[in-house]
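Only one structure is covered here, and it is reproduced in the block below.
Nothing in this text is a laboratory measurement; each read-out follows from the coordinates by a stated rule. What you see is a predicted model; the values in this text were computed from it and never measured. Methodologically, a virtual Cβ is constructed for each residue, glycine included, from the backbone with ideal geometry; neighbour enumeration extends over all protein chains shown.
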Amino acid sequence: MRRAGLLGTIATLLVTALAVAATAPASAGSGGKAEVDRKRLAKRAERVVEKRNRIELRRVSRCGPRRRGRPQSGRWVCKWRAEGVWPGDVPYHCAGRAVYKRKKHSWLVERCKNRMQPMAPLLDVPNPHPTFGYNDDWIALGKYAPPELLGLLEQSGSEVARTGLIWWRAEGERGKYDWLVSDMLYERLLAHGIKPLWTILDAPCWAQPDPAACAAGESRLRPSPQYYDEMADFAVAAAKRYPESVGIEVWNEPNSPDFWGGPPEPDRYAQMLERVAGALHAQAPGMPVVSAGLAPLGDTGTSPHGYSNFLARLYELGAAQRADAIGVHPYPGVGPAEDYLGEVRIYLGKVQEVMARFADPGRPLWVTEFGVSTGGQRAFAPAGQGQALAELYELFRRVAGIELAIAHRFVEDGAIGLGADPFGVLARDLSPKPAYCELARVRGFAPEPCAS
């Protein structure tokens with residue numbers, strides 16, 4: 001019995017020794033001292049790094065003792081580099097170190113920190129179709145365009161029309177509302193089975209920082225903070241008057257000087273969003289509130305123009321959390337010969353990164369504007385515009401959290417008294433461009449004008 005027990009103990013010790021030898025890449029050196037086998041160490045480092053980071057290494061460049069000239073060092077460092085594609089078709093490129101501790105036969109492995117721009121992961125199976133529609137100045141369109149225009153919108157499969165609810169038009173005189181033009185639009189849209197998404201814009205002169213300059217035609221657009229409560233009252237009145245609306249968006253592209261009317265002020269916009277959202281939730285419950293879609297501007301450094309910087313500040317101040325959805329404007333910003341889909345994925349990836357940082361990854365994203373133009377320096381050919389818009393729409397279906405997608409814009413320019421804008425899917429004579437038909441087709445609709 002003693003002999004059998006002794007043999008069992010010896011066998012156990014042999015198995016343990018073999019396991020340690022497999023983990024510790026060493027070989028017998030001169031003088032009987034254990035020296036590290038660099039090739040075996042590099043192979044072992046490769047396996048450990050790949051397993052812990054779930055990546056594929058391009059190569060381990062070298063392994064050496066932490067202290068040069070001391071091969072018996074207690075720690076050895078292997079440098080590695082990796083390139084590949086993570087699940088969700090997200091490319092990565094990273095580098096780091098793996099430190100081998102000889103005494104404990106253990107490894108410390110640096111995490112793969114992607115040096116590439118973050119990209120929104122793609123779902124293997126597309127989401128259901130998001131709520132879809134077009135952005136335009138629908139009040140002006142209703143005033144100047146023929147009635148058939150809303151018929152074309154309905155045939156396209158649109159469910160929503162995004163339009164500005166211009167505060168100064170409705171409350172030019174403080175405390176007195178004039179709903180005539182928005183009432184007409186609301187009724188006409190509902191008659192075609194389409195619901196409005198109102199974007200509150202453009203403060204009256206009496207609410208602006210410089211009322212005199214506003215009255216002289218030098219409008220600064222945004223209201224002064226002391227009027228945010230009155231802006232909230234206006235939003236509540238609109239929500240109660242138009243209860244079948246898709247939602248209310250609080251301003252448009254406040255990170256752009258063109259729409260804010262001056263240098264971006266994320267802290268002030270955060271105040272505005274909190275006041276309006278708080279009032280709507282309290283007095284018009286059930287009306288969705290969306291934060292303003294952010295322009296894809298200068299997302300570098302700490303510039304307040306940058307959409308991810310701006311959004312992060314809204315989260316820091318607790319304002320973004322008050323919205324029912326986060327508004328985004330993921331325009332590609334590049335032409336047809338470049339990776340326009342990749343550019344949009346980077347925009348969305350940065351937004352998702354901010355939301356994850358503030359433990360809010362589940363809040364819906366509303367794409368309240370997207371589009372490509374058939375004019376300007378990055379012009380797409382008409383057929384290319386149609387293809388790009390259809391591809392962008394399909395991309396949105398494969399990004400988690402996108403519940404609404406609104407294309408900019410419906411009518412191209414000119415003939416109805418609006419400014420030139422070659423983003424439209426209808427030409428100036430209201431004839432369909434290829435984009436009108438492509439966006440309808442990708443959603444399963446076949447409008448009559450696209451039959452020929």
Could you give each residue of region 120-125 its phi-based ³J(HN,Hα) in whole Hz, using Karplus coefficients 6.51, -1.76, 1.60 with θ = phi - 60°, and x for Gly or Pro?
4, x, 9, 6, 5, 10
Once amide H atoms are built 1.01 Å from N in the peptide plane, which residues 5 or more positions from GLU249, or in another chain, come under 5 Å H to H?
TRP198, THR199, ILE200, VAL290
Hey, how many Å between the Cα centroid of region 249-295 and the Cα centroid of region 145-201?
19
Can you list the lysines whose alpha carbon sits under 23 Å from that of LYS51, skipping same-chain ones fewer than 8 residues off?
LYS39, LYS43, LYS79, LYS101, LYS103, LYS104, LYS113
Checking understanding here: applying a Kyte-Doolittle mean of at least 0.0 and a length along the axis of at least 18 Å (C-alpha), which whole DSSP H helices in the chain pass?
2-23, 340-357
Under a crude label model (7 Å from the Cα following the beta-carbon direction), how far is ALA356 from ARG174 in nanometres?
4.8
Place a point 7 Å from Cα of ARG363 in the direction of its Cβ. Which residues in region 285-313 have their backbone N less than 16 Å from it?
288-295, 307-313
Nearest 5 is fine: what % of DSSP beta bridges in region 139-296 come out antiparallel, could you say?
5
Counting each DSSP H run of 4 or more residues in the chain as -39500 (n - 2.57), what helix-only mean residue ellipticity at 222 nm follows after dividing by all residues, to the nearest 500 deg cm²/dmol?
-11000 deg cm²/dmol
Output wanted: per-residue J couplings in Hz (rounded whole) for region 193-204, from phi through Karplus 6.51 cos²θ - 1.76 cosθ + 1.60, θ = phi - 60°, x for Gly and Pro.
x, 10, 10, x, 10, 8, 10, 6, 9, 6, 5, x
Quick one: net charge around ARG443, please, counting Lys, Arg +1 and Asp, Glu -1 for every other residue with C-beta under 12 Å from its C-beta.
-1
Note to self: C-alpha centroids of region 301-324 and region 43-62 sit apart, in Å, by 37
A student applying the Cα gyration tensor rule (rounded when a/c is under 1.5; otherwise prolate if a/b is larger than b/c, oblate if not) would label region 85-216 oblate
